[in-house]
Amino acid sequence: MKKRSSITAIAIIGSLVAFHSAWAAEQTAPSKPQPTVPAIQQKPGQAATPAAPQENLNQLVQQAVEQASRAFPQLKDYKTLKVSTRKGVSEIVFATVSVNGEGTRMANLVVNKKTGELRTFALLEPITTGGDVRYTVSQGPEGDLPVNDETAQRQAAQLIEKLYGAESKNYKQVSLWRDTRDGIALPPVVNFKAPVGPKGETANYVSIQFGSNGRIYGFEAVRKPVRYDQWFAAELSARAMPNDELSQPAKATYDKLTTLTPALNQFKLRQAKLDDYDQTFTIEFRSAATQKDAEAIVKMDAATGALLRFELEKQKQQMGKGPEPKVAKEKAYSFLQAFYGEKVKTYHVDNQVMTGENGPTQVVLASPGADKAIFIIYVGADGRICSLQKMN
């Protein structure tokens, strides 16, 4: 039987749990060795050439690997490269580079497809259990001691210097976080900031992440408005994620949604966040700042404003038994047409309408054609839509 290989979700410490990670869900590793791509030498500070064809994406990623190798010299022994893109994610390219393919040490990278900037990096170690291979963040040899704050700051500053060369002089440390989990102190995250542009209205923020062995295993870099000092430059207990300003298309969709669903206006807190990876806005709604889980969620495409997800989590559980199939279909069609226009009239019910015993009725609508769009919609007892999700 062939061994199964998977990549364990990486727990990004502190800020990145609330922010975003390239590995927020378990991924399946390559089932067969990938072809080796020759390394491309890149001088410090050399700009990467934006490209679209696969061979040029390989070159773009190799340049990022060369950059990372200045801080993580073991990458010079990693010979196998896999580069991939994802549907709906236009800004970045994902990559893994490994010693020799499946089951060997590897690193995950996320690279800006247009600029060649290395956005996310993490070293991974294989663990074999019962014939299965999974990956976890690299912890190094057993017996290493946890790092203290002074050493962490020094090592993080050295990594910044190796990564960014002459540009590193613009990066200043702005915070050090030590979060806890179940009463146990986690390894530190050290955050740096470098202003961007003559007006300094935006900045590059880099979060350096340590493992429990006291060694750096990775980092994440984002470019955000300087109001993100409220998060990256704040103490752990005082940090607050700022709201991102909605694009005009997204705002138009949001205004329409709140009109059709007045329940969204009842929440006191609204947190809007732009995901740099797939260029979508996610808005979370809460009644109080102390609530960990959102009571409602809205996701929209930043460029087009297309409604991709809508969840009234609490109401969905309390709406009672949904309407019969005929009414549920009418309500689902009407709601979707409000956001996607007349073309929704050509959509068909993709499978049997499912009436919940004590919950909302599920309707699945699909567009015609081979590359069809699929929407899963839940209709509550009073005919209100309590959930919508675009599946592709």
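Please treat every number below as a calculation from the coordinates, not as lab data. Keep in mind it's a predicted model, so treat the numbers as computed, not measured.
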- Item | Backbone HN-Hα couplings from phi across region 220-226 [Karplus 6.51/-1.76/1.60, Hz, Gly and Pro as x] | 9, 10, 9, 10, 9, x, 5
- Query: Roughly what % of Cα-Cα distances in region 141-207 sit above 16 Å, to the whole percent?
  - Reply: 55
- Query: Using a cut-off of 26 Å between alpha-carbon atoms, which lysines can reach Lys162, once sequence neighbours fewer than 8 places away in the same chain are excluded?
  - Reply: Lys43, Lys76, Lys79, Lys82, Lys113, Lys114, Lys172, Lys193, Lys224
- Where does region 112-254 land on the Kirkwood hydrodynamic radius, alpha-carbon pairs, in angstrom? 17.2
- Item | Square roots of 5 times each gyration tensor eigenvalue, C-alpha, region 333-389, largest first, Å | 21, 13, 8
- Note on the structure: Amide H contacts under 5 Å for Asp244, restricted to residues at least 5 apart in sequence or on another chain and with H modeled in the peptide plane, are Ala272, Lys273, Leu274
- Other-chain or far-sequence residues with amide H under 5 Å of Val174's (modelled H): Asn191, Phe192, Lys193
- Query: Mean shadow of region 189-256, computed from the convex hull of its alpha carbons, in nm²?
  - Reply: 6.7
- Query: Rounded if a/c is under 1.5, else prolate if a/b beats b/c, else oblate: with a ≥ b ≥ c from the C-alpha gyration tensor eigenvalues square-rooted, which is region 226-323?
  - Reply: oblate
